[in-house]
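First comes the structure, then the notes that go with it.
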Amino acid sequence: MNTRPTPRIAVIGAGPGGLTCARILQQYGIDATVYDRETGPEARDQGGTLDLHEDNGQIALREAGLLDDFLRLARAEGQEMRRLDHAAGTIGFHHVPEDGECFKPEIDRGQLRDLLLNSLQPHTVRWGHTLRSVDGPSQGPRVLHFTDGTSVEADLVIGADGAWSKVRRVLSDASPRYTGISFLEAWFHDVDDRHPDIAGLVGQGSAAAADGERGLFAQRSSGGHIRVYVIQRVPADWITAAGLNAEDTDGVRDILLDRYRAWSPRLRQMLRDNEGLYVDRPLYALPVPHTWEHDPTVTLLGDAAHLMPPLGVGVNLAMLDACELALALAHHETIGDAVRAYEKTMLPRSTDMQHALDGHADDLLSDEPLGPDEDDTH
């Protein structure tokens, strides 16, 4: 970047995509500041487990110099996948990973975030910064306004701020739309001792069952935890329409037990015995295709650019986006040229994937469901 020896790069969002982008930029001696609305790295539970694929997520980690560290943390045994008969509770399809199989090993989302955070230079992430708006001319500098009344200038604003991206508003009027499918997340702890039957059903990886209208997807995390996603084709407001909220655990559970009454008692344990509150996660997706006119000072990656149903690609594509954008910034003379080169590759790829997955949220309810990659849906 000979014309901008010290560009001011602002990344909005400290998720895997934003942190990967900052890490690779720093590997090339390029400073970037990451702004995140959370008050700190421990502000909330980071979610369940992710499978990072050799052909996208792991490529990004290799460029970040973190692949070996990832493989030491990752659980190859987490690639085990079971498909259960919803009525009998028996195992049908069963994939057990071979020795040395590492195409998509699992890692807890919190572990991945810590790996990325700890690799960054001190003070890279500015916590407690909720973006309100972005203004300024398209040729820059852009001005970022935060809800605490502060503002900063940037030569490039990278929107890695997820489904409800504020940065996206600079480039596009598109807004996520409800897919008609909703997740309800339930947690189980110390499963081998406290919930041994559920632990036996799920195994070391994940287990899924569905009947066309309803589904369950259970996924083991490290430390003896299992998360279960109750998957339904329902209105987005189905809980409030019943006069409840997600904190009304007993009332919501009663509805679920009725809706799943024809299911095997072994599987209904996942509805009856969860610990703590449910987490309501209606699934949204951006219109297909989602593109925008090139802007030399603003771009998007991950869900901010191409929010899709959670069919195993979200985090992997976000990290690949981040990798390609960082490499483009490292190898082009100007920021505008770098952004154009990145979008020339990213937009066609994401459009192809959006078309491939458009309308396929229903696959989560089929008798051969794909597992969610535990992306945030809010």
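At a glance:
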{"quantity": "Where trypsin sites (Lys or Arg not before Pro) fall in DSSP loop in region 253-326, at most 13 other Cβ within 10 Å", "calculated": "261"}
{"quantity": "Helix axis angle, 314-331 relative to the chain longest principal axis, alpha carbon, degrees", "calculated": "10"}
{"quantity": "Point-to-point label distance, residue 240-residue 55, nm (Cα→Cβ direction, 7 Å offset)", "calculated": "4.1"}
{"quantity": "Nearest-ten-degree value, helix 249-259 long axis tilted from longest Cα axis of the chain", "calculated": "70"}
{"quantity": "Cut-off under 5 Å, modelled amide H: who pairs with residue 221 long-range", "calculated": "226, 227"}
{"quantity": "Placed amide H near residue 133: partners under 5 Å, 5+ positions off or other chain", "calculated": "145"}
{"quantity": "Theoretical gain in end-to-end length, residue 85 to residue 273 [0.36 nm per residue, Cα-Cα removed]", "calculated": "65.7 nm"}
{"quantity": "Where labels lie 7 Å past Cα in the beta-carbon direction, separation of residue 355 and residue 150 in nm", "calculated": "4.4"}
{"quantity": "Stretchable slack from residue 248 to residue 43, in nm (0.36 nm times residue separation minus alpha-carbon distance)", "calculated": "71.5 nm"}
{"quantity": "Solvent exposure, largest accessible area first (probe 1.4 Å, DNA, RNA and ligands not counted), of 323, 102", "calculated": "102, 323"}
{"quantity": "Model label zone, residue 118; criterion: amide N under 15 Å from point 7 Å along Cα-to-beta-carbon; scope region 17-45", "calculated": "41-42"}
{"quantity": "GluC sites (Glu not before Pro) lying in DSSP loop within region 266-347, provided at most 12 other Cβ fall within 10 Å", "calculated": "293, 333"}
{"quantity": "Listed residues 335, 255 arranged by accessible area, highest first, probe 1.4 Å", "calculated": "255, 335"}
{"quantity": "Length-normalised contact order for the chain - Cα pairs under 8 Å, 6+ apart - percent", "calculated": "24"}
{"quantity": "Among beta bridges that DSSP assigns inside the chain, antiparallel share in %, nearest 5", "calculated": "75"}
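The values are calculated or read from the model by the stated rules, or taken from the named source; none is laboratory data. Predicted, not measured: the structure shown is a model, and the values here were computed from it. Here the Cβ is made from the backbone with ideal geometry for all residues, glycine too, and neighbour counts use every protein chain on show. Heavy atoms of the whole protein, side chains included, go into the accessibility calculation; ligands, DNA and RNA do not. Shrake-Rupley method; radii C 1.70, N 1.55, O 1.52, S 1.80 Å.
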